[in-house]
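Okay, so here's the structure we're looking at.
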Amino acid sequence: MKDVCVAAVQMVSSDCVADNLARAHALLKEAAAAGAQLALLPEYFAHLSDQGSYAVAETFPQNGNASPELHPIQHALQSWSAELNLWILAGAVPLLERPDGAYAEGKRSRSACLLYDDRGVLRARYDKMHLFDVEVEDAAGSYRESASIEPGDEIRVASSPWAEIGLSICFDLRFPELYRKLASAGAEVFVVPAAFTHTTGKAHWETLLRARAIENGSFVIAAGQGGQHSEKRRTWGHSMIIDPWGTILAQAEEGEAVITAQLSAATLAKVRQRMPLLSMRRIP
């Protein structure tokens with residue numbers, strides 16, 4: 001690993017793609033101006049609606065070249081990366097196709113975390129594996145992501161100039177076995193783009209994020225949605241950047257925000273040397 005300045009971008013997205021893209025662009029400019037070399041956008045950054053995102057889902061260009069007409073979200077991400085000289089992790093982009101080009105079944109889309117380098121080249125894609133089908137004591141009452149999203153089935157560790165990055169999305173955070181597999185596959189940094197509800201976030205967000213960092217000796221960058229999106233939907237926010245010892249390096253509250261922190265290679269090496277959890281496992 002090499003030292004790197006990272007940013008977590010917190011948003012309060014709506015069901016208007018154009019408005020959300022404009023806000024994301026402005027916040028990424030702020031991150032780049034603060035010295036960030038890699039920035040994470042939250043889940044549903046381009047579109048957050050009580051009805052899901054199938055209506056704005058895009059095809060996935062197999063040649064990697066997104067067009068402004070067919071792929072406005074992906075084209076924006078490619079353009080911003082090159083414009084800002086910034087590696088961008090796009091929290092979750094709704095895609096009609098699986099990585100192999102086949103369409104998702106049953107009028108559902110895939111929720112994909114996409115990594116673009118500073119030239120606008122797509123470097124990695126991860127499709128959310130664990131879907132939020134739960135009962136929550138809030139205004140919505142229940143959530144059924146599986147009604148509009150098809151789950152992925154492959155973990156993904158992406159290479160960058162600074163670190164190996166384990167990709168995940170929101171509800172994945174509650175499944176520690178995923179992060180152990182990512183760490184075993186070489187991940188030094190985990191990213192968690194999210195839209196935790198206000199109720200579940202208040203109860204579990206910080207605890208889960210710090211646990212994933214501590215138990216794997218890894219950095220965690222977590223970018224959340226944070227505010228009131230509709231009468232039924234309020235998200236927790238409190239985006240965080242956490243070191244391998246579980247120390248919170250930077251944290252937001254609610255509302256739009258950009259937080260940054262320096263990830264230190266020496267810190268990662270020190271923690272993993274003094275407490276080599278990955279090599280001490282007795283259960284595979």
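Bear in mind that the values in this text are calculations on the coordinates, not laboratory data. Bear in mind the structure is a predicted one, so any value in this text is a computation, not a measurement. Cβ sites come from the backbone with ideal geometry, for glycine too, and all protein chains shown count toward neighbours.
Computed extension length for residue 265-residue 96: 57.1 nm, one decimal, from 0.36 nm per residue of separation with the Cα-Cα distance subtracted.
Label-to-label distance, residue 153 versus residue 70, with points set 7 angstrom from Cα along the beta-carbon direction: 2.6 nm. Ignoring aspartates and glutamates fewer than eight residues from residue 2 along the same chain, the ones with Cα atoms less than 13 angstrom from its Cα are 164, 188. A crude spin-label estimate for the pair residue 136 and residue 175, with each label 7 Å from Cα along the Cβ direction, gives 1.8 nm. Between residue 26 and residue 5, the modelled labels are 2.2 nm apart [label points 7 Å from Cα along Cα→Cβ].
In sequence order, segment 83-91 has phi-based couplings of 4, 9, 6, 9, 6, 10, 9, 8, x Hz under the Karplus curve 6.51 cos²θ - 1.76 cosθ + 1.60, θ = phi - 60°, and Gly or Pro positions carry x. Measuring max minus min along each principal axis, the C-alpha atoms of segment 61-164 give extents of 42, 28, 26 Å (largest first). Counting beta carbons within 10 Å around each of 205, 162 and listing the fewest first gives the order 162, 205. With neighbour counts taken as other beta-carbon atoms within 10 Å, the residues 279, 67 rank, fewest first, as 279, 67. Can you give me the C-alpha center-to-center distance between segment 165-206 and segment 228-284, rounded to a whole angstrom? Between the Cα centre of segment 165-206 and that of segment 228-284, the gap is 9 Å. With contributions of -39500 (n - 2.57) from each DSSP H run of at least four residues, the per-residue ellipticity at 222 nm computed over the chain stands at -7000 deg cm²/dmol. Sequence-ordered 3J(HN,Hα) estimates for segment 191-202 from the Karplus curve with 6.51, -1.76 and 1.60 and θ = phi - 60° stand at 10, 9, x, 8, 9, 4, 5, 4, 5, 6, x, 4 Hz, glycine and proline given as x. Here the chain is treated as a Stokes sphere of Kirkwood radius computed over C-alpha pairs; at 10 °C and 1.306 mPa s its diffusion coefficient rounds to 86 µm²/s.
Sorted fewest first by neighbouring Cβ atoms within 10 angstrom, 155, 165, 283, 149 come out as 283, 155, 149, 165.
Across segment 158-284, Cα-Cα distances exceeding 25 Å account for 23% of all pairs.
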